[in-house]
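Some notes on the structure that comes next.
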Amino acid sequence: MLRDMQARRKKAAAVNISDLIIPAMFAGVLLYGIFTKTDVFAEFTEGVKEGLHTVYEVFPSLFCLVVTVAAFRASGGTQLLTELLTPVLGAAGFPPECGELLLLRPFSGSGATAIYEQILKNNGPDSYAGRVASVILGSSETTFYTLSVYFAAVKAKKTRYALAAALLGDLVCAVTSTIAVRALL
Amino acid sequence: MMKYIMTGLTVTAFLFAALTGRMDALSTAFLEECGGAVQLAITLTGIIALWSGLMRVAQSSGLTEKLAALTAPVLSKLFGGLKRGGKAMQYITLNITANILGLGNASTPFGLAAMREIEAEEHSPDPLAASDNMITLTVMNTASLQLIPTTAAALRLKYGSAEPMEILPCVWISSVCTLAAALICCGICRRAGRRRRL
């Protein structure tokens with residue numbers, strides 16, 4: 001009971017700080033602009049215009065990625081691949097429940113979060129699978145989304161070693177998450 | 001790269017659907033998700049407009065320059081050849097700061113602005129090829145720099161975890177290893193590419 005309350009308080013403190021950051025940033029930056037005699041409204045609206053241009057540049061790539069990833073999920077491809085991978089992953093000490101999360105995490109942020117919730121619901125957040133899933137979700141990003149949007153912004157077609165480096169990162173993430181949970185929790 | 005990802009995903013989706021008899025679901029997914037993609041883009045437009053506006057104010061008032069001066073000793077080692085205190089370095093600083101603070105929404109507009117400034121500063125001989133600095137920045141953004149994993153912690157709390165934050169040390173270890181592996185890989189490829197050109 002006491003432990004539970006402490007945990008809640010810890011969590012509340014973390015959330016409060018992150019709630020404070022954004023409003024404080026907006027107020028602070030605008031105030032700093034006024035003090036340095038910047039036309040903050042004109043600059044802000046000019047920035048919005050540039051932002052719209054960015055969206056215009058990256059939308060086609062984003063669109064293609066979102067649609068094809070959704071199609072891939074609907075085809076049952078992720079489940080089938082997970083089933084194929086499970087024995088291999090299990091032998092390496094990786095919780096088989098997290099296989100689908102591992103596959104989907106690089107492609108879809110919302111899809112990964114949905115699967116993560118399933119893992120927490122079915123196994124409990126403090127189970128081995130729940131902990132490994134939490135660490136994976138907390139220490140990785142939506143790799144393919146980032147790659148497609150960032151390179152679309154500069155219209156780069158030849159991405160050279162970017163994919164290899166990013167995927168190596170994802171692999172290391174899966175391995176170190178498993179090892180860290182086993183060693184520390 | 002994207003052409004292989006797109007074709008690969010679509011063809012495997014077709015084969016899986018044929019094998020598992022889910023062709024109807026696949027067909028529906030194509031037609032429904034094109035609308036979903038537009039909805040995502042509309043949300044993203046709002047977020048990008050918001051942060052791009054604020055970023056522009058911070059930039060023209062000289063605030064980002066000050067911030068960039070603080071991070072320059074570390075970041076100039078990662079991003080060789082970019083002007084110290086230049087616009088590209090300023091946006092890279094904003095992008096990385098936003099990532100560390102967990103402002104995932106803000107980090108994308110900052111990162112995209114940084115990409116364009118790198119392009120403007122470098123004058124690459126091959127505009128279709130991503131430069132080393134562009135790749136380093138992008139790869140850093142495919143790894144997680146976030147100090148406090150708020151999404152995971154909030155969901156752990158929701159599903160009744162006794163210690164939602166107990167994952168913190170593990171997340172830090174895993175994040176640092178992931179980032180280090182990706183950056184070392186970038187460094188090796190960068191050096192190998194330079195040797196080939198000489």
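The values are calculated or read from the model by the stated rules, or taken from the named source; none is laboratory data. Small disclaimer: the values here were computed from a predicted structure and weren't measured. No Cβ is skipped: glycine too gets one built from the backbone with ideal geometry, and neighbour counts run over all protein chains shown.
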Considering residues that are surrounded by 14 or more Cβ atoms within 10 Å (Cβ to Cβ) and either among the aromatic types (Phe, Trp, Tyr) or not in a helix (DSSP H, G or I) (or both), the number found within segment B:67-92 is 5
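Based on what the data block shows, is residue A:182 among the basic types (Lys, Arg), buried (at least 24 other Cβ atoms within 10 Å of the Cβ), at negative phi and more than 7 Å from every other protein chain (Cβ to nearest Cβ)?
Working: among the basic types (Lys, Arg): yes; buried (at least 24 other Cβ atoms within 10 Å of the Cβ): no; at negative phi: yes; more than 7 Å from every other protein chain (Cβ to nearest Cβ): yes.
No, not satisfied.
What do you reckon, is residue B:131 more than 12 Å from chain A (Cβ to nearest Cβ), free of Cβ contacts under 8 Å to residues at least 60 places away in the same chain, buried (at least 16 other Cβ atoms within 10 Å of the Cβ) and out of contact with any Gly (no Cβ under 6 Å at 6 or more places or on another chain)?
Answer is no for this residue.
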- request: Say whether the condition of being buried (at least 20 other Cβ atoms within 10 Å of the Cβ), at pLDDT 90 or above and farther than 29 Å from residue B:4 by Cα is met by at least one residue in segment A:106-121.
  value: yes
### Message
residue B:118 - would you say it is among the β-branched types (Val, Ile, Thr) and either crowded, with 19+ Cβ neighbours inside 10 Å or touching a residue at least 40 places away in the same chain (Cβ under 8 Å) (or both)?
### Response
yes
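Quick check on this structure: which one of B:135, B:96, B:100, B:118 is touching a Cys at 6+ places or on another chain (Cβ under 8 Å) and hydrophobic (A, V, I, L, M, F, W, C)?
The unique qualifying residue is B:135.
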Among the residues of segment A:79-93, is any more than 7 Å from chain B (Cβ to nearest Cβ), under 25 Å from residue B:105 (Cα atoms) and crowded, with 17+ Cβ neighbours inside 10 Å? no
Scanning segment A:124-148 for residues that are over 21 Å from residue B:163 (Cα atoms) and more than 7 Å from chain B (Cβ to nearest Cβ) gives A:142, A:145
- Query: Looking at segment A:130-144, is at least one residue without any contact (Cβ under 8 Å) to a residue 12 or more places away in the chain and more than 12 Å from the chain's Cα centre (by Cα)?
  - Reply: yes
inquiry  = Regarding segment B:46-66, can at least one residue be identified that is among the acidic types (Asp, Glu), part of a helix (DSSP H, G or I) and within 7 Å of chain A (Cβ to nearest Cβ)?
reply    = no
